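Any read-out appearing in this document is the output of simple, stated calculations on the displayed coordinates, not a laboratory observation. Remember, predicted model here, so these are calculated numbers, not experimental data. Please note: Cβ atoms are built from the backbone with ideal geometry, for glycine as well, and neighbour counts cover all protein chains shown.
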Amino acid sequence: MRILKDIDRQTFKDRFTTKEDCYFFLAELKWHEGYSCKRCESGMHIKGKQPASRRCSKCGYDESTTTGTLFHKLKFGIDKAFEMLYEIVTSKKGANSIWLAEHFGVNQKTAWLFRQKVQIAMKSSEQFPLEDEVHVDEFEIGTPQKGEQGRSKSDKKVRVVIAFEHRKGKSGRGC
């Protein structure tokens, strides 16, 4: 996701103008260390059926560039998915599914499901910890219970912890 955050909107639009641009970019990311067949582990391949896909020369398995990625089994075009991904990753507020559905002309549930895939992929895997000045706050959400004071503990309350980074005078990522 860092790749998308580092480019501005115009550069993004120039770089990913067609579906083929998206497929070839994804193929480069997926097989940058070389191709290995998922079935027989052979390193030899020929061109597959779809753009930028690989077909194993030994067993004939045709692997799509989208297999094992966020874009696997999409219900809409990969070019549209790349644009949605860009909006989700670069938007300060995270681009809600209703706006995504209206803006990109897809069903709201489809937009929500794709956004969920993106959010799961973006979850911190401790590879990119928050940096510089990190602000943390916690609070509890719940309604007051009869016979208990306002800040008392209860099983019906949920504790929320928020952390975000403050870098170069601006708010950065949060979790």
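What per residue convex hull volume, in Å³, do the alpha-carbon atoms of the stretch 2-122 yield? Mind showing how you got there, number by number?
Working: hull volume 13.7 nm³, N = 121.
It is 113 Å³ per residue.
What are the residues whose amide H is under 5 Å from the amide H of His45, where those residues sit 5 or more places off or on another chain and H is modelled from the backbone?
It is Ser57, by chain and number.
Once the Cβ-Cβ distance between Ser36 and Glu140 is put in as r, and R0 is 35 Å, what FRET efficiency do you end up with, to the nearest 0.05? The partial results should precede the final answer.
Details: r = 49 Å, r/R0 = 1.40.
According to the calculation, E is roughly 0.10.
Quick one: 3J(HN,Hα) in Hz for the stretch 162-167, Karplus 6.51/-1.76/1.60 with θ = phi - 60°, rounded, Gly and Pro as x.
Running phi through 6.51 cos²θ - 1.76 cosθ + 1.60 with θ = phi - 60° gives 10, 9, 8, 9, 10, 10 Hz.
Can you give the local net charge around Gly68? Use residues other than it whose beta-carbon is closer than 13 angstrom to its beta-carbon, Lys and Arg +1, Asp and Glu -1.
Working: positive: Lys30, Lys38, Arg54, Lys73, Lys117; negative: Glu63.
Around Gly68, the surrounding residues sum to +4.
Under 13 Å between alpha carbons, and skipping anything fewer than 8 positions from Lys58 in its own chain: which aspartates and glutamates qualify?
Glu41
Check Arg167: other-chain or 5+ apart residues with amide H under 5 Å from its amide H, H built from backbone geometry?
Under 5 Å from the amide H of Arg167 lie the amide H atoms of Gly172, each far enough along the sequence or on another chain.
Place a point 7 Å from the Cα of Leu29 along the Cα-to-Cβ direction; which residues of the stretch 59-96 have their backbone N under 14 Å from it?
Under cut-off, by backbone N: 65-72, 78-90.
Excluding Phe24 itself, what net charge comes from residues whose Cβ is under 14 Å from its Cβ, given Lys and Arg +1 and Asp and Glu -1? If you can, show how the numbers build up before the last one.
Details: positive: Arg15, Lys19, Lys30, Lys47, Arg54; negative: Glu20, Asp21, Glu28, Asp79.
Result for the neighbourhood of Phe24: +1.
Need the full-extension length gain, Lys157 to His103, defined as separation in residues times 0.36 nm minus the C-alpha distance. One decimal, nm. Intermediate values should be presented prior to the final figure.
On the way: separation 54, 0.36 × 54 = 19.44 nm, distance 3.64 nm.
Length gained between Lys157 and His103: 15.8 nm.
So which of Lys38/Lys73; Lys49/Lys80; Lys49/Lys73; Lys80/Lys117; Lys109/Lys156 end up more than 27 Å apart by C-alpha? Mind dumping the intermediate values first?
Values: Lys38/Lys73 18 Å; Lys49/Lys80 21 Å; Lys49/Lys73 16 Å; Lys80/Lys117 15 Å; Lys109/Lys156 30 Å.
Too far apart for the 27 Å limit: Lys109/Lys156.
When the Karplus curve 6.51 cos²θ - 1.76 cosθ + 1.60 is applied with θ = phi - 60°, which whole-Hz ³J(HN,Hα) does each residue of the stretch 47-63 get, with x for Gly and Pro?
Using θ = phi - 60°, the values come out as 5, x, 5, 8, x, 6, 7, 10, 10, 5, 6, 8, 10, x, 5, 9, 9 Hz.
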